[in-house]
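The structure under discussion appears below in the form of structure tokens.
Bear in mind that the values in this text are calculations on the coordinates, not laboratory data. Quick caveat, the model's predicted, so the values are computed rather than measured. Heads up, the Cβs are rebuilt from the backbone with ideal geometry, glycines too, and the neighbour counts pull from every protein chain shown.
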Amino acid sequence: MMGKSFGWSNTGNSDVGIYIPLAGSNAITGDLKFTKGSDANFGTNDNFGLNFITNNTTRLAISNDGLITINKSLFFIGTGGASFINIAAQSSAPVAPSATGLNFYSDADGNLSWTKKNGADTFNRTFGGTFSANRMKLLQDTDGTMAELTDIVNTYYFRNGTLLAVAPNTAYYFDSKTAGIAPHTSPTLRRFKFLNDGVIDTMVFNIYQNANGSNQDCMIYLYNQTTNTDYLLLTYQSDFGANTNVSFYADVLSDAIIVNTSDYYSMKLLTGAFTTTPTRYSFEVGLQIKHT
């Protein structure tokens with residue numbers, strides 16, 4: 001059936017239905033178009049739209065307000081880049097669904113977004129990013145929660161040999177090389193680079209001494225040799241006892257100590273102005289770095 005026109009008028013709120021065969025000898029073989037003629041005078045409250053019905057069930061409905069309702073799956077069968085969904089960017093997020101579910105949309109920058117309805121949670125979700133080339137993101141084959149980049153932590157250990165003579169008011173440098181290498185007063189001989197950019201989260205300092213010292217402050221720093229910058233991590237005193245091992249813990253995330261992979265660093269122990277000097281220092285440091 002080609003070139004067939006249907007005319008109707010509707011002056012009230014009653015429904016008007018047109019049944020068009022889609023199969024058989026009278027099936028449509030050309031384009032199906034609906035146009036509004038001079039006698040098609042529909043009010044805003046008229047229940048007018050297109051309804052495609054199979055097995056007495058509406059599968060596709062286009063209502064008078066432009067809302068499209070689909071009661072079955074939607075298939076895109078084009079190939080070679082011909083099948084896609086284009087969504088106009090929204091200057092503001094659509095409201096959340098009135099019931100459960102989600103509203104899928106593009107935000108003002110073209111980012112994949114949706115707003116959901118789940119009790120009091122009606123907040124928007126957005127995926128975004130600026131790429132310099134095509135990228136593929138792969139998900140792990142396991143259940144779990146996706147981690148933020150700042151949730152990924154690397155731990156660095158700095159182990160050293162014994163410092164037999166501990167001088168007051170002296171800076172000793174040590175690095176992350178093999179345990180047993182004593183600290184040195186020259187930072188260039190005890191330097192390292194981090195393997196990832198990040199921010200220092202926590203630090204643990206373990207120390208053993210033979211002879212007890214006095215209670216003057218000693219400081220542990222991260223020293224950036226490239227920029228000649230000291231970052232204070234911990235302050236302690238050496239009066240914790242003879243032949244004793246103690247551990248000190250510091251949460252320094254709020255200090256926002258940023259590290260990178262290009263600069264040279266050293267761990268630095270600055271001894272205090274001892275009135276009683278401790279002897280035979282052995283110590284190690286553990287640093288946790290959060291990715292940025």
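At a glance:
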quantity	calculated
3J(HN,Hα) from dihedral phi, region 81-88, Karplus parametrisation 6.51/-1.76/1.60, rounded to Hz, x for glycine, proline	x, 8, 10, 6, 10, 10, 10, 5
Spherically averaged projected area of region 151-291 from its Cα convex hull (nm²)	7.6 nm²
Spin-label model distance (nm) - I258 vs A273, 7 Å beyond Cα toward Cβ	3.6 nm
Order by protection proxy (mean Cβ within 10 Å, highest first), peptides 252-258, 137-143, 195-201	195-201, 252-258, 137-143
Amide H within-cut-off set for G101, under 5 Å, with H built and near neighbours excluded	K117
Potential extension, A88-I62 segment - 0.36 nm per residue separation minus Cα distance	7.4 nm
Added length on full extension, which subtracts the Cα-Cα distance from 0.36 nm per residue, I77 to F192	35.7 nm
HN-Hα J in Hz across region 122-135 - Karplus 6.51, -1.76, 1.60, θ = phi - 60°, x for Gly and Pro	10, 7, 7, 10, 9, 9, x, x, 10, 10, 9, 6, 5, 10
Added length on full extension, which subtracts the Cα-Cα distance from 0.36 nm per residue, A242 to T130	34.6 nm
